[in-house]
Amino acid sequence: MRSIVLMILLGLAGTAQANTPVGRWHTIDDKTGEVKSMVTIEDRGGALSGRVTQILRKGADPAARCDQCADDRKGQPILGMEIIRGVKKSAGQDHWEGGEILDPEEGKLYRVRLTPLEGGAKLQVRGFLGPFWRNQTWVKAP
């Protein structure tokens, strides 16, 4: 009986973990539909942080730098760059927000909301800049 209860609890924990933004994601360009990069999102003491861990766009310069950035990331390599900062789970909601996401190609900072979709197989990334927003759907990396 104890083993059955343990299996159920472990199954529920796995489902909960799968339905979070934590993990490795293929970023998809919202204009071309092309895979751009891999971003790894981690939970750091209750706040999510995401870094570019691979450049996947064909023909992209792996040594590219964030020349348009206006903060501490200006001139830094995009590969390895933290592009998601300070995102937290919204109480009673199925999304994470309150932080920011950086588009390193344009140097723009957006307020961000991350919403797992399809049981955690996809991630809706919505960036807000004033009253305007921009959506991308990222795909869980194997």
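The values are calculated or read from the model by the stated rules, or taken from the named source; none is laboratory data. Computed from a prediction, not measured in an experiment: that's the story for all the values here. Neighbour counts run over all protein chains shown; Cβ positions are idealised from the backbone, glycine included. Protein only, heavy atoms only, side chains kept; ligands, DNA and RNA dropped before computing areas. Shrake-Rupley method; radii C 1.70, N 1.55, O 1.52, S 1.80 Å.
Whether a residue is closer than 23 Å to Lys140 by Cβ, in contact with a Ser or Thr (Cβ under 9 Å, 6 or more places away or on another chain), at pLDDT below 95 and open to solvent by 50 Å² or more (accessible area, probe 1.4 Å) was assessed, and Arg57 passes this test.
For Glu105, the conditions (1) modelled with pLDDT under 95; (2) in contact with a strand residue (DSSP E or B) (Cβ under 8 Å, 6 or more places away or on another chain); (3) not polar (S, T, N, Q) are fulfilled apart from (2). Annotation: of all residues in the stretch 131-142 being open to solvent by 50 Å² or more (accessible area, probe 1.4 Å) and outside any strand (DSSP E or B), the one that is nearest to Glu106 (Cα to Cα) is Pro131. With respect to the conditions (1) at pLDDT below 95; (2) more than 15 Å from Pro21 (Cα to Cα), Arg65 falls short on a single one, namely (1).
For the stretch 19-36, the criterion of being over 18 Å from Gln136 (Cβ atoms) and at pLDDT below 95 is met by at least one residue.
This table checks each residue for (1) out of contact with any Pro (no Cβ under 8 Å at 6 or more places or on another chain); (2) surrounded by 15 or more Cβ atoms within 10 Å (Cβ to Cβ); (3) more than 18 Å from Lys122 (Cα to Cα).
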{"residue": "Ser37", "(1), (2), (3)": "yes, yes, no"}
{"residue": "Gly45", "(1), (2), (3)": "yes, no, yes"}
{"residue": "Asp67", "(1), (2), (3)": "yes, no, yes"}
{"residue": "Lys74", "(1), (2), (3)": "yes, no, yes"}
{"residue": "Arg85", "(1), (2), (3)": "yes, yes, yes"}
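Filtering the stretch 92-127 to residues that are in a strand (DSSP E or B), of a type outside the set (Gly, Ala, Ser) and open to solvent by less than 40 Å² (accessible area, probe 1.4 Å) leaves Trp96, Ile101, Leu102, Asp103, Tyr110, Val112, Leu114, Thr115, Pro116, Leu123, Val125. Being at pLDDT 95 or above, of a type outside the set (A, V, I, L, M) and on the phi > 0 side of the Ramachandran plot narrows it down to one residue among Glu82, Glu97, Glu118; which is it? Result: Glu118 is the single residue among Glu82, Glu97, Glu118 that is at pLDDT 95 or above, of a type outside the set (A, V, I, L, M) and on the phi > 0 side of the Ramachandran plot. Considering only the stretch 98-108, I want to know if a residue exists there that is under 10 Å from the mean Cα position of the chain (by Cα) and over 15 Å from Arg24 (Cβ atoms). Within the stretch 98-108, one or more residues are under 10 Å from the mean Cα position of the chain (by Cα) and over 15 Å from Arg24 (Cβ atoms).
Quick one: would you say Val5 is open to solvent by less than 90 Å² (accessible area, probe 1.4 Å) and either part of a helix (DSSP H, G or I) or modelled with pLDDT under 90 (or both)?
Numbers: open to solvent by less than 90 Å² (accessible area, probe 1.4 Å): yes; either part of a helix (DSSP H, G or I) or modelled with pLDDT under 90 (or both): yes.
When the stated conditions are applied, Val5 passes them.
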